[in-house]
Every structure is written in C-alpha cells, then in structure tokens.
1. Per the helix-only calculation at 222 nm, which mean residue ellipticity applies to the chain, given -39500 (n - 2.57) for every DSSP H run of n ≥ 4 and division by its residues, nearest 500 deg cm²/dmol?
2. Would you compute, for the Cα atoms of region 254-560, the largest minus smallest coordinate along each principal axis and list the three values in descending order, in whole Å?
3. Any idea which of GLY409, TYR526, ASN319 is furthest toward the positive side of the dipole for region 254-560, if Lys and Arg beta-carbons carry +1 and Asp and Glu beta-carbons -1?
4. Quote the relative contact order of the chain in percent (integer), defining contacts as alpha-carbon pairs under 8 Å separated by 6+ residues.
5. Sorting LEU206, LEU595 by accessible area (1.4 Å probe), largest first, what list results?
6. How much accessible surface area, in Å² rounded to 10, belongs to the heavy atoms of LYS489 with a 1.4 Å probe?
7. If you restrict to DSSP beta bridges whose two residues both lie in the chain, what percentage is antiparallel, to the nearest 5?
8. Which value, in Å² and to the nearest 10, is the accessible area of SER423 when all protein chains are kept and the probe is 1.4 Å?
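The values are calculated or read from the model by the stated rules, or taken from the named source; none is laboratory data. Here the structure is a predicted model, which means the values were calculated and not measured. We place every Cβ from the backbone using ideal geometry, glycine too, and count neighbours over all the protein chains shown. For accessibility, only protein heavy atoms count, side chains too; no ligands or nucleic acids. Shrake-Rupley method; radii C 1.70, N 1.55, O 1.52, S 1.80 Å.
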Amino acid sequence: MISFFKKPLTQWLIGFSIFNSLLFILFSFRYSAYIDFTHGIWQWLYIGTTTIGHVGAIALIVMMLPLLFLIPFRNQKFILILSSLLNTIGLIFFTVDSFIFSQYRFHLNKFVLDMLFSGAAGDIFQFSGLMYSLAIGSVLFILALEFVVGNWMWNKKIFLKFKQKSILLILLGLVLTSHLGHAYASATSYSPITKNAHVYPLYFPLTANGLFKKFNLINPDVLAKNKVIKKNSDLRNMKYPAHKLQFEKGKQYNILFVVVDCWRADCLDSLVTPNISEYANKALLFKNHQSGSCGTRGGIFSLFYGLPSFAYWNTMKANCRRPVLMQTLAEQNYKFGIFASSNLTHPAFHQTVFADINRLRIKTNSENSAPYARDAKITEEWLAFIDSNYTKPNDQPFFGFLFYDSAHGYSHPNPTQAPFQPSWTTPNYLILDNNTDPRPFFNLYKNTLNYVDSLVGKVLVDLDRRQLLDNTIVVLTGDHAQEFNDNKKNYWGHGSNFSDAQTHVPLAVLWPGMNPQVFTHKSLHYDIASTLLNYNQGCLNPADDFSIGKCLWETSSPEWFVAGADQNYAIIENNQITTTLYGSYSVTTPDMNALDNNKLHSNIVFEAMKASYKFYTN
C-alpha cells in the first residue's frame, strides 16, 4: 500500500488535487459576503480554518474516485480526463450553490436538484442567451484549465516538488480544528462561531455539549456569560424586524390568547364547544383559518412570530430572541399571565416565544398529573390572576396565554359519562389502521374538547362579568388540528401531513368595538401578530417589516402559504401540496393523493422559500 502512494502517477494525482484545493478555496470566497467577521480573533481563526480545511478537504474527496481507478488503470491520460471532469463538476457545484445561497439562504440539496433536473430550472431562473453563452464558455474554460494544468504538472514533474504529506497533514489538522472549535463554541453557547456554520456547503459541524459538560471541560461562569452575550447579540445574519418600528398611541387593549392543543376547525360548534360557540357568535369568526404547522412547535411559533418555524426556530432559540409582538408588549408595560398546561420547555418556548419573561412558570404541577387536571389548574390560576390584579380598575393592560392540553392527551375526568358516545376511554393505537371505525376515537376527542370548553367558558364568563371584554381582545384558536383518517390514508393524529385535517383550526376573535362578522377567505396564523401590532399596539410599519402575514380581515386569499418545522415543511397551494422531508419532496392533492413530481410548481416553491427566509441578511 505504501509503495502504491509512492508511484509517480499516484503522487501526480495527489499533487493535482492539492492544486484543485486552492481552486476550490478561491471559488468558496463567494460565500464570504454572508459571513460575519465582526467578533474578533477567535471567530477569524474559525473562519480561516473552516474555509481552508473544509473546502480543501472537499477537493481531496473528489480525488478519491480517480484514485480508485488507478488500481485497474495505469493510463495517465484517462486519469487526467476523469480528474478534470470531476473537479470541473465540483467547481460548478460551488458556483451554483453560492448563487442559490445568495438568493434563498439555503444550499443545494436533493429537493433543489430534483427540481433543477426535472426541467424546472427554466421556471426558476430566467437567463438570456448571452448568460447561457457565458456559462457554457466558463465551463469549457475551467475544463481546459484543468486539463492544461494537469498535463503540465505531469510533464514538468511539478508534483515532485510538493511536500504532499505535510500539506495533507495540515489540511487534516485544519479540518479537526474547525470541528473541535465548533464543538467547543456550541457547548459554551458562543454564537459568533456557531452562527456562521450554516454558510459552508456540505459542512456538518461536530457538537459534543454533553461530553464537554461531563468532563468539566467548560467553565460554568464562561457558559453563563456567553449565554448573556448570545441573548443580547445583534444577530448580524438576520434583520428582524427589517426596519426600526415606529409607533403611535394605539388602543392597547388587554389581550388573551386561548389556545387549545389539537383543536380542529369543525369542532367549534354548539354541540362540542357550546360555551365557546356562544361567544364566537359575537366575534370575528374566520371559517378558513390555517395554522403555520401540523405540530405544536410550528403552530405556536407562527402564531406569535408571524414567521415560519422551519426557517427561524433554530435562530430564535439559539439567541433567545422573543417575537416582536412580545417585545412590544413588554415595552408597553403589559402584565403577563402565562399559564400552560403542557411543559414550556418541550418545545423550548421558554427560549423563544416567552424568552425574558420574569418568573415564567414553565411547568404546571397538580396532584393529579392527567392533562384534564392540569387544564383545570391553569383555569383556576388564571381566574386568580384576574381576581388579584383586575378586581379594581387597573391602567396596566394584561397579556394572557392559556394553553389547554386535554384534547392532545385524550384526557377526560369521566369519559364514560361524557356526551359523545360510544366513546373510547383511552386511545388504542395498536388497532388503528385504514379500516378502523374512527367514531369511538373521534368521540373521545370531542368529549375532551367539550371538557376544555367548560373551562374556557368559566374564563369568558368571568371576563364578561367583570366587563373586561369591553377592553380585551380574546383570540380563540388551536395550535394545529387533529386527523382521524379523514383522507383515508391511515393518518391519525397530527404531525404527519399538511392536509386540512391537520392544519385547519378554528379562529374566533373578540375585538372591542367590532361587530360580529364571518369571514370565509383563507386566513393564517401568520396574520394574527401583525394584526395586533398594527391595529392594537399602534405600530406604523407595514406587516412586511416583521412578518410574512397580513391583516386578518384583509379578505384576499393567498395563492399559497408555507407550514411546518425544521426539515419537514410544505408549500400549500389551493390544488396541491408540496412536502419536503429531509431534502426529499413529494407532491399530493389537498386530500393526500399522490401526484407525479413533475406537477411541482417550482416557481412557486422558490418564491415561497425566498419569502420565508427574507429576514436573513447573510
């Protein structure tokens, strides 16, 4: 094996790859416009080691295929042609990827490549004949350069002058330094390093938070200090809001969010939720309202931020950046009453939506740990909060959040005596299939909603009795919906698709001074925060400055909207849904019938991605 690496042809190939490492690094400078260089020496060292080590290593990996061909083939011309082609493809990849990244802030992945090679490139990028000529000419020039330089290195034996072993060891050392540096930065919450990692293509940095803590390799004081720095950093890679917010004196009514986990739109009626329905008849009622996800994290995130969770959750969480809405309420001296039946740390709402709220209670404890008991507990606590702070006139407005969990946990104090029968007493997931009769399961769900309705009824009646509804905006909605095999595809619950069965939620808004009205246009969770900011808090900026939403009662329906979280999200159009999962995508009808992937509307997909990531600047 050692003699193989000492052969002239092998040494030439390694030397040629080192030359291409320099070319790859040169081409990677296109990403430098999106890197933050403002935090000093440690950040600069990380950027330098990652740029040289990671990008240079990619060129060496490209070398591996020609290296394998050296074993059966000894023809230098064949290896030169193969190497030149592969390196040219690699350089084209960097060029195209940097262009995609500059426009959309994500890298080439299977989803994008599938669209490009399915013939959709013409729908996404419009090039003139001159640009096509320049592109073809550039490719031919790079290919010719590769061939000429490779041939020259062989003829002049230039590769013999390289200290190849030393260069390879240096590159390996830089790669290890980059990953270890990122691992330490991640463990110590040092965001000037971690927030630049996403800029590099094909870069999957090492993290070892648990290991560093286990062996006491990080100073707790340093960790605490860096968390404070991170929380107060100006996030130079994101401009949120897009412009400084300007305010006039708004109404500044009290605000109460009543959010029911897993509440589907067809279960706001006089039978399932009679108490809520009575007040909904006096409210602004949105019949075609959609959550920003089919799960809790994305649903709550979209409700408060007016932004898609898949694009911003990790950034907001890493920097403990609360929504513009919550920041504004704090600055306007709102008193917060946050009462959630489920734990606020999973998902990490204590580091996102409710970051920086003093004495935030992240967990509701009750003698009975069942969700229905916790729901009763938060209702009692809310009533006590109002009684202790607003029995007498109080000029300080409040923001309340009640998050009910019984429907999510299918939890009812006495399901056999509940109104909807026949009903299961507990879910039996083992028997669920496409032929299961959904009615007993669905009845259990409706019974839990009926129980939650009895609690919410107490809240609304109490506000009404105190005449607080005269100056309180009440938002009644769900974080996402809940499916009971509605589409006959054996989907049960939530988090598994983006059909109406999992995203269509109720929305009723009691707004002081506004007459009851029913809206049938498509409204979104993204619209709620922007409506409150513009029409209650006195914000003069357009919603585009801090949200992808609009005013709730603006009756135009969007042609598409995005929903989801992390690596599972969708572009939902009127007639089809494009879902991506870890880079792969599928196209379906709204009721989940598969469509050929050629039905993909690639221009809409890229428009949606550009709009979703619009607050990133680098």
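1. Numbers: 22 runs with 278 residues, N = 618.
Roughly -14000 deg cm²/dmol at 222 nm, from the helical runs in the chain.
2. 54, 44, 40
3. ASN319
4. So the answer I get is 19 percent.
5. Working: LEU206 75, LEU595 55 Å².
Result, largest first: LEU206, LEU595.
6. LYS489 has an accessible surface of roughly 80 Å² with all protein chains in place.
7. 55 percent
8. Approximately 20 Å² for this residue.
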